[in-house]
Amino acid sequence: MFPAAFDYRSPATLNEALGLLAERGDDAKVMAGGQSLIPLLKLRFAQPQLIVDIGRIPGLADVKRDDGHVRIGALVRHVDVERSQDLAKLIPLLVEAVHWIADPLVRNRGTVVGSVCHADPSGDWGSIMLALNAELVVQSAKGGERVIPIDGFFEGPFTTTLRADEIATAIRIPVPSGSAGGSYHKLERKVGDFATVAVSVQVELDGRKVRKAGIGLTSVGATNLKAKQAEKALIGHELNDEVIAEAARLAAAAAEPKDDIRGTAAYKKDMVRVFVQRGLKAALARAQEVRA
Amino acid sequence: MKVTVRVNGAERSGDVEPRVLLVDFLRSNLLLTGTHIGCDTTSCGACTVLLDGEPVKSCTLLAVQVDGREIKTVEGLATGATLAPIQVGFHEEHGLQCGFCTPGMMLVASALLERNPNPTDDEIRWAISGNICRCTGYMNIVKAVKFAANMQAQAAKAPNQAAVAGGGE
């Protein structure tokens, strides 16, 4: 299999890349690691006229602290997250979750930001970023820089609010403070498969009570979903069995899975419930460790 | 577009359309057919090559993306007639049956041993988790990687022993 013909440009600077998109954005696709885009090109699900390969643009491959946030540049690969000792300390959820993404070979090429922008409803990073309340930093030649909260970024399968002339240059994640913990639970048929269901959870505690909560769902809707009702049900409460069960019920109610080769809708909904329960218990245990 | 890549230590170039995949560039332009096309859908790892020392799937890379970079294929493992430790391991431990996945497996394993010269069984299994062996011969593949690790460890010790022996005389 090979893709339909396209023009290929690999600009040396961000400005050059933004210029190309300003001119030809409607017919172009931006490529970072290409681990989602190239399979789509080969299947000819995507047939852009122009590929703008941002892989050679300097300054986009760093993980940096930035005003209470961690900023992951557009060329930071999954494997970079896997090996980052800073991230393991600051936001352990990222490093736990990355092991569930694709396989080691794909993780050597694919990028975090690229994966989020690809907006596959079965993608893992989307729901992790929803749980962490991340925001995308995007740039365009005309509009300069703008910041898009992840909540609302996903419009539908493979569709986001990113405009055709824009490049996502980084994702910013607020660094959890105090006693905080997260977890990612994924059910997959084999290594490298898309999730049958996955759930990402992040909590911050104030004493014994929940101050902040994030729950993201994978593979159970037209986009990665943020289980907002379930999050709300946690705020201000102690994470006892009853509160956890109620949040799990609300998250399952928010899921909109379909029957497919990986399982029935009813099964997937119930797996959301189970994973939210397990996830909150694991997150609570980790948050308490941090406090201790 | 012109693409120039260092492949197994030698500079190679070709003129390709941007849509040409690295695996096709290696096989068709450079006639390096040791890199196999298995699933062609980023699932199986048969097309694994090392890009600047890291294993990647060459069916999911454009040749133009690796312009100016360094590629190692299975043809680059041996030095002349001397097999690399990983190749000896696959031979000694019967690490292959049909052999189709073997180039990818050996490259992933050699990259693993670069980073981690003494991996546990779990670490080996983890490292090859993106490579599928359709014959399901994973047990012997793990043994082959262990064999190579031991062989490299012995080789690393050998000069010291010689030095000790020499010093004792």
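Bear in mind that the values in this text are calculations on the coordinates, not laboratory data. Remember, predicted model here, so these are calculated numbers, not experimental data. Note that each Cβ is placed from the backbone with ideal geometry, even for glycine, and that neighbours are counted across all protein chains shown.
A few comments on the model shown:
- Legend: calculated FRET efficiency, B:Gln97 to A:Lys89, from the Cβ-Cβ distance at R0 = 51 Å, rounded to 0.05, equals 0.70.
- With Cα atoms defining each centre, region B:129-160 and region A:203-251 are spaced 45 Å apart in the structure.
- As a calculated quantity, the FRET efficiency between A:Val274 and B:Cys135 at R0 = 30 Å, using C-beta atoms, amounts to about 0.25.
- Among residues other than B:Asp121 with Cβ under 10 Å from its Cβ, the summed charge is +1 (Lys and Arg +1, Asp and Glu -1).
- Charge dipole magnitude, Cβ of K and R +1, D and E -1 - region B:2-75, Cα centre, debye nearest 20: 40 debye
- Calculated [θ] (222 nm, deg cm²/dmol) that DSSP helices of n ≥ 4 give over the protein assembly as shown, each run adding -39,500 (n - 2.57): -10500 deg cm²/dmol
- Estimated inter-spin distance, A:Met1 and A:Asp151, nm [label 7 Å along Cα→Cβ]: 3.7 nm
- Three-way shape label, chain B, alpha-carbon gyration tensor, a/c 1.5: oblate
- Counting only Cβ charges, +1 for Lys and Arg and -1 for Asp and Glu, the dipole size of region A:63-174 around its Cα centre is about 300 debye.
- Neighbouring partner chain Cβ atoms per residue of B:35-42, average, 10 Å criterion: 3
- Judged by the ratio a/c of the largest to the smallest principal axis of the C-alpha gyration tensor, region A:163-292 counts as oblate, that ratio being 1.5 or greater while a/b is no larger than b/c.
- Of the beta bridges in chain A, as assigned by DSSP with both residues counted there, near 85 percent are antiparallel.
- Charge tally for B:Thr60 (other residues, Cβ to Cβ under 9 Å; Lys, Arg +1; Asp, Glu -1): +3.
- Within the same chain, aspartates and glutamates fewer than 8 places from A:Lys268 are excluded, and of the rest, those with a Cα less than 13 Å from its Cα are A:Glu188, A:Glu256, A:Asp259, A:Asp260.
- Using R0 = 41 Å, the C-beta based FRET efficiency linking A:Asp67 and B:Ala81 works out to 0.10.
- Test item: Cα-centred dipole of the protein assembly as shown, Lys/Arg +1 and Asp/Glu -1 on Cβ, debye: 560 debye
- Kyte-Doolittle at least -0.5, axis length at least 30 Å by Cα - qualifying DSSP helices, chain A: A:265-291
- Extreme residue, positive dipole direction of chain A, given options A:Ala285, A:Phe6, A:Val98 (C-beta unit charges): A:Ala285
- For region B:2-75, share of DSSP beta bridges that run antiparallel, in % to the nearest 5: 85 percent
- Of A:Gly192, A:Gly33, A:Gly114, the one that fluctuates the most in a GNM where chain A has Cα springs shorter than 10 Å: A:Gly192
- Candidate lysines - alpha carbon under 25 Å from A:Lys89, same-chain residues fewer than 8 apart omitted: A:Lys64, A:Lys186, A:Lys209, A:Lys212, A:Lys226, A:Lys281
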